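As structure tokens, the structure follows; a few thoughts come after it.
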Amino acid sequence: MIGQSIQANLKGHPLMRAMFIEFPDDRTTHYKSGGPNLLVAPVFVPLGEESEYYVPAGKWTSFWDPAKTVEGPRWVREHVAIDEIPVLVRPGSALALGPEGTGRADYDYTRGLEVRAYGLEVDGPAVVVDVPVGKGTGLAGKIRVRKGQNMEVGVEADEGIEVVNSVCF
């Protein structure tokens, strides 16, 4: 999200935007909000009631439980725990996550990164993730992620960026 914050600052793209910007051919999205890689489903019902949210086309993966996927386009109805709102990752995305348990936003964004790839095509084009410097709008570098024939994730990071783990879902 830090990288998206920089893009919002530089280009004026909002962090949370109408889903039709990302999915212009899906008329159902013309009234929904989302972002480029993550879909955070709004849950505004009392505890114990079912929530309903829309998922655009593709095989979306739960951020919290990568074994759980949702095939869109469709509406999803489910009971949602108060502490686990639905966060789905768009197919063809890669996320660079900071060290687990950091608990604050002002850590070194170039060290101890875990790269998670979601729904990449085998031998498809690389997905590029910008790594911010942490202050201002500068970039420390880029991480390029590819999925190979044996389902391995190839991660190539610019000098000075430390990736400690990579995984593909």
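Quick look at the values:
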{"read-out": "Spacing of the two label points (7 Å from each Cα toward its C-beta) at Q149 and V133, in nm", "value": "4.2"}
{"read-out": "The range 29-99 shape via C-alpha gyration tensor axes, a/c threshold 1.5", "value": "oblate"}
{"read-out": "Cα gyration tensor shape for the range 73-169, rounded if a/c is under 1.5, else prolate or oblate", "value": "oblate"}
{"read-out": "Full-extension gain in nm, I82 to E162, via 0.36 nm per residue minus C-alpha separation", "value": "25.4 nm"}
{"read-out": "Sparse-neighbour loop sites [GluC sites (Glu not before Pro); the range 63-107; at most 15 other C-beta within 10 Å; DSSP]", "value": "E84, E100"}
{"read-out": "Accessible area, probe 1.4 Å, largest first, for residues I82, I161, I143", "value": "I82, I161, I143"}
{"read-out": "Contour excess over end-to-end distance, with Cα ends at L97 and V40 and 0.36 nm allotted per residue", "value": "18.8 nm"}
{"read-out": "Added length on full extension, which subtracts the Cα-Cα distance from 0.36 nm per residue, W64 to A105", "value": "12.8 nm"}
{"read-out": "The range 75-121: relative contact order as a whole-number percent, Cα under 8 Å and 6+ apart", "value": "44"}
{"read-out": "Loop-resident sites, the range 81-143, for trypsin sites (Lys or Arg not before Pro), counting at most 11 other Cβ within 10 Å (DSSP)", "value": "R104, K135"}
{"read-out": "Set K59/K147; K11/K68; K11/K147; K11/K142 screened for pairs whose C-alpha atoms are more than 22 Å apart", "value": "K11/K68; K11/K147"}
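The values are calculated or read from the model by the stated rules, or taken from the named source; none is laboratory data. None of the values given here were measured: they were computed from a predicted structure. Here the Cβ is made from the backbone with ideal geometry for all residues, glycine too, and neighbour counts use every protein chain on show. These area figures cover heavy atoms from the full protein model, side chains too; ligands, DNA and RNA do not enter into them. Shrake-Rupley method; radii C 1.70, N 1.55, O 1.52, S 1.80 Å.
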